[in-house]
Amino acid sequence: MTNKLSDKDRKDWQNFLNSSDKLQNKDINYLPNKKVMVRSIDLHGYTLEEANKEISNFIEKSFLNGVKKINVITGKGMRSKNIDDPYQSSDLSILKYSVPEYIKNNSQLMKKIIKIDFDSANSPSKGNFNIFLKTIK
């Protein structure tokens, strides 16, 4: 890259800095009259049943309110007491794994969802994942 600016470029830049004009928002062309809304839900401390009920209600309300993206915080399951129970699945008893599976297997919820970020949900280093919702037609 060159550090040399032409006199015209330098003059145009100085005029821009001295101007009180605002820049045009080019995103308006791509997202006309649409709000990109993101909401989060933290499921730490919930039982499996409570978490599934809560996420169902949250997805339903978010969809109806035009939310586009939901960040679901489940935690990594590192402190889950379920790991020590030999009668429970070490994966499906932990919210990190069970909540995305519950959503995926719920046909009513999946009708409202474009995509679930399963890469994040299955990553051992992450305790959250995103859900991208459809828009109401």
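Please treat every number below as a calculation from the coordinates, not as lab data. Predicted model, so just to flag it, every value in this text is computed and none were measured. Because the Cβ atoms are built from the backbone with ideal geometry, glycine has one as well, and the counts that use them run over all protein chains shown.
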So how far apart, in nm, are the two label points at ASP119 and ASN57 if each is 7 Å from Cα heading toward Cβ? 3.3
Determine, from the Cβ-Cβ distance of PHE16 and MET37 and an R0 of 35 Å, the FRET efficiency 1/(1 + (r/R0)^6), rounded to the nearest 0.05. 0.60
If amide hydrogens are placed 1.01 Å from N in the peptide plane, which non-local residues have theirs closer than 5 Å to the one on ILE113? LYS134
Among LEU23, LEU43, which comes first, second and so on when ranked by fewest other beta-carbon atoms within 10 Å? LEU23, LEU43
Filter LYS22/LYS111; LYS53/LYS115; LYS22/LYS126; LYS22/LYS68; LYS61/LYS126 down to the pairs with a C-alpha to C-alpha distance above 31 Å, please. LYS22/LYS111; LYS22/LYS126
